[in-house]
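Here the structure is laid out as structure tokens; the discussion comes afterwards.
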Amino acid sequence: MNIMMISAEMAPFAKVGGLADVVTALSAALAARKHDVRVVIPLYGHLDRDREKIRPLGKLPPLTLRVGQQMQDLRFHMRGSPRSRVKVYLVECQALYGTEGVYSDEKGEAFPDALARAAMHGQAALLLARLLDWPVDVIHAHDAEAIPAILFRRHWYAGRGVPGPAGSLLTIHNMAHQAIHPTAGIDTLGLPRSMASYPGLLEFHGELNLMKAGILAADRVNTVSPAYAKETTADPDFGCGMEETLTGRGESYSGILNGADYDTWDPRRDKALPAPFGPADLSGKDVCRKELMKELGLKPEDGKPLCGFVGRLVHQKGLDLVLPLLGRLAEDGFTFAILGTGDKKLEAAARKAAARHPDKVAFVGTFDEDLAHRIYAGSDLFLMPSLFEPCGLSQMYSLRYGTLPVVRRTGGLADTIIDAGRKNGNGFVFDEATGEDLMATLRRAEALWEDPKAWREVQDRGMKCDFSWGRSAARYEKLYRAARRAGKGT
Ligand code: ADP
């Protein structure tokens, strides 16, 4: 099949969270299954064109597209060679993507022209298919930012323009980010104003909601774990107002668990680590642990676990459950390696905790891919007390690196982690989003830590867990076939 992926993120070019890893790994898994996969992402200002081998797409002239009231110049680029298994196309539009940042500027402020950025991305992707005369079987849109492509395909290009049936699949990576804008934004999208007022596709409580429109307009919709699919239809805390819209899609809405890319995330050949290791020999993990402590200025404490946290510093990730416990746990000899950026208040709180316990708590407030790898490798426990978690990749990476995840039973965490107290346990699971429940769970982890043989058994099971992409890629193929059939009908 000819699959066009549309995403704001793709590792390693533009990564904010798990979406970037998913787009790269899923595309590779599909290409390995002989599909022609082409990914379209914006050419962000931070990208180093020489280093990333990004070249203008020679055949195509510079172009101009209308976005709202503005005419915007754009140019297509390509990463790699035309023979690359996954082809990456980048949309250059200096006025919209010329600065640094994917969704927000360096101060963390969301871009005010987010809708124009998304509108350009969607238009450019469809135009590209036409210019390349590439018959698209499926448009695979990732998250709200990519939804305009689905809407434009339906509205402007219905039955013409885009070669091929171009059925559409929307994958929701996080329901909390719906791309809600004032209704005037409809002009930026260039769609009829009636679509922004009740009962129009985009109307949502007097505003414009891309996610809602995408759920209604896509031929198939999925999210990234079976548990999150259920949660989002059943509970407003998870569905964020989309419960009924999702329920209305019936069998057309489903959950497919993300996979981990074990080519990138393999402690046996991870170049970011000071020493390799694998399930047969964990001595390299001890080296990683010692070096991580040294790197972060932590004082080794005999006999207590080192807890890692890597993630976006947002309420969702539950770091605010962890921070109040740090003092007590640090006094008991636990150590903490925390890496993350995001909410300025959470960053300040983490920085304060690190200043108060400099030997026991380290906080690094940057985005650092290599350090993230070293934290997964050097830690004993990985903390993921998320309030909700569509899938989560970090717990899968931790398992592979022999680090026991401590997770809340929600979404993809519930689908991947089994408590050590149960058969086939690979980590620690708790239910209530409270400091007490998390503390009790860490105490259970501490008790298991006292029994190295039992700890090693759980670690071993975790390292052998297989969350590779093969099975999930086959499930996506099934959805693509259904979307293509639906696309043929339009
Ligand atoms: P989400 O998609 O909600 O952010 P996931 O667990 O699916 O959560 O994926 C998060 C990904 O982002 C992981 O690969 C994690 O290592 C990475 N990550 C998050 N914050 C940072 C950071 N500050 N530095 C390096 N990697 C990070």
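Computed from the coordinates by the stated procedures, all read-outs in this text should not be read as laboratory data. In this text the structure is predicted, and so the values were computed from the model without any measurement. Neighbour counts are summed over all protein chains in view; Cβ atoms, including those assigned to glycine, are modelled from backbone coordinates with ideal geometry.
Just a few scattered comments:
- Computed log₁₀ I(q)/I(0) - Debye formula, equal Cα scatterers, no solvent, segment 283-467, q 0.09, 0.15 Å⁻¹: -0.26, -0.79
- Simple label model, 7 Å out from Cα along Cβ direction - Glu450 to Glu436, nm: 2.3 nm
- The translational diffusion coefficient of segment 164-217, from Stokes-Einstein at 37 °C and 0.692 mPa s with a Kirkwood hydrodynamic radius over alpha carbon pairs, comes to 281 µm²/s.
- Distance in nm between pseudo-label sites at Leu131 and Glu106 (7 Å out along the Cβ direction from Cα): 3.1 nm
- Helix 114-132 and the long axis of the chain differ in direction by around 60°, with both axes built from C-alpha atoms.
- Note on segment 283-467: dipole from Cβ charges, positive end direction compared against Leu381, Ile338, Cys465; the farthest Cα belongs to Ile338.
- Candidate cross-link partners of Lys59 among the lysines, defined by an alpha-carbon separation under 22 Å and a same-chain spacing of 8 or more, comprise Lys87.
- Assigned charges on the beta-carbon of Lys, Arg, Asp, Glu; segment 142-264 dipole about Cα centre (debye): 580 debye
- Residue-averaged [θ]222 nm for the chain, counting only DSSP H segments that reach four residues, each worth -39500 (n - 2.57): -11000 deg cm²/dmol
- Taking only the Cα atoms of segment 1-152, the radius of gyration and Dmax are 14.3, 43 Å.
- Taking only alpha carbon atoms, the chain gives an Rg to Rh ratio of 0.98, where Rh is the Kirkwood radius.
- Across the options Phe238, Pro405, Leu65, the greatest Cα extent toward the positive end of the charge dipole of the chain (unit charges at beta carbon of Lys, Arg, Asp, Glu) belongs to Leu65.
- Of all DSSP bridge pairs formed entirely within the chain, close to 30 percent run antiparallel.
- Part-to-part distance (alpha-carbon centres) for segment 116-162 and segment 41-107, which is given in Å: 16 Å
- Spatially proximal aspartates and glutamates relative to Lys53 (Cα-Cα < 16 Å; intrachain offsets below 8 disregarded): Glu92
- In the chain, the longest principal axis of the Cα atoms and the axis of helix 18-32 are about 70 degrees apart.
- Alpha carbon convex hull of segment 347-410, volume per residue in cubic angstrom: 107 Å³
- Note on segment 327-368: Kirkwood radius taken over Cα pairs, Stokes-Einstein applied at 20 °C and 1.002 mPa s, translational D equal to 205 µm² s⁻¹.
- Under a model in which nothing but the beta-carbon of Lys, Arg (+1) and Asp, Glu (-1) is charged, the chain shows a dipole of about 1740 debye around its Cα centre.
- Excluding same-chain neighbours fewer than eight residues apart, the lysines reachable from Lys299 by a Cα-Cα span under 16 Å are Lys290, Lys360.
- Using alpha-carbon coordinates, inclination of helix 470-488 to the longest axis of the chain, degrees: 20 degrees
- With θ taken as phi - 60° and the Karplus curve 6.51 cos²θ - 1.76 cosθ + 1.60 applied, the whole-hertz 3J(HN,Hα) list for segment 103-109 is 10, 8, 7, 5, 8, x, 7 Hz, x standing for glycine and proline.
- Charged-residue dipole, Cβ positions (Lys, Arg, Asp, Glu), segment 283-467 about Cα centre, Debye nearest 20: 120 debye
- Distance between segment 420-483 and segment 193-265 - C-alpha centres, whole angstrom: 26 Å
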